[in-house]
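One structure below.
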Amino acid sequence: MARIHAENGGDIIIVARDEDQLNALKKELEGTFRINVLVISKDLSIPGAAKEVYEQVKSTGLKVDYLINNAGFGGVGKFHERELARDLSMINLNIVALTALTHYFLQDFVKNNEGKILNVSSTASLMPGPMQAVYFATKAYVTFLSNAIAEELSDTNITVTNLMPGATETQFGKISGMDKTPLFEKTVSARSVAEDGYNGMMAGKLDVISGISVGQKIAMYLLPLLPKKMILKQVRKMQEVK
């Protein structure tokens, strides 16, 4: 997403834990596209980190026009067997940090009556997720929060877009353990999903579904009509490590 924005001539503030990787990306983007990149090294899963990011950005005097909340992680396993600290960290990153960043920057967007927000959720947000109970629940929060805020802002020039990707070729699969499950047997490129999300944000769309087949899209729309126990069993089967 950073590269796509740079290709369109936009300056960027990038936030993540790995400062070396961020600086490498900064060097690449500034050298290739002649834009300005501000690096902020921060672990957003730590409470209070989102406020620190916002305050650091404000101290620079930079005006933010687009907010893309893309940070997140998951993890496979039965809820009672997983490490609680890990799942609480997931909630802090996937929910708390996203909520805080959206709240802080939205204050400025409302004052200026302009701005666009892209929150990266997941197709997982539309159903419960046995074997990834907390991750699916965090993404359901992102989807519903994003849609609700979008309606609250419907009489302004501000838009909130909710991106729901399917299985995507990123480090997410390897880190979460999902790369060993049937769900990740077929993945789509990160570039294609990023383009769908970025273009959807620029167009002010409410929801963007990306990286799934036509058959999967049809199945998603049929979810409310199917027996929940049947859905739960199928989702569990797709997420059990092979």
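The table that follows gives values for the structure above.
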item	result
Positions within segment 1-21 being assigned to a helix (DSSP H, G or I) and farther than 22 Å from residue 195 by Cβ, in sequence order	19, 20
Qualifying position, being among the charged types (D, E, K, R), in contact with a Gly (Cβ under 8 Å, 6 or more places away or on another chain) and more than 19 Å from residue 1 (Cβ to Cβ), among 87, 65	87
Residue identified as among the aromatic types (Phe, Trp, Tyr) and free of Cβ contacts under 8 Å to residues at least 40 places away in the same chain among 33, 105, 79, 73	33
Residue check, residue 111 assigned to a helix (DSSP H, G or I) and either surrounded by fewer than 19 Cβ atoms within 10 Å (Cβ to Cβ) or not assigned by TED's automatic domain parsing to the domain that holds residue 149 (or both)	yes
Count of segment 46-88 residues which are surrounded by fewer than 18 Cβ atoms within 10 Å (Cβ to Cβ) and part of a helix (DSSP H, G or I)	11
Given (1) over 22 Å from residue 97 (Cβ atoms); (2) assigned to a helix (DSSP H, G or I), index of the condition residue 145 fails	(1)
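The values are calculated or read from the model by the stated rules, or taken from the named source; none is laboratory data. Given the structure is predicted, the values throughout are model-derived calculations rather than measurements. As a convention, Cβ positions derive from the backbone with ideal geometry for all residues, glycine included, and neighbour counts pool all protein chains shown.
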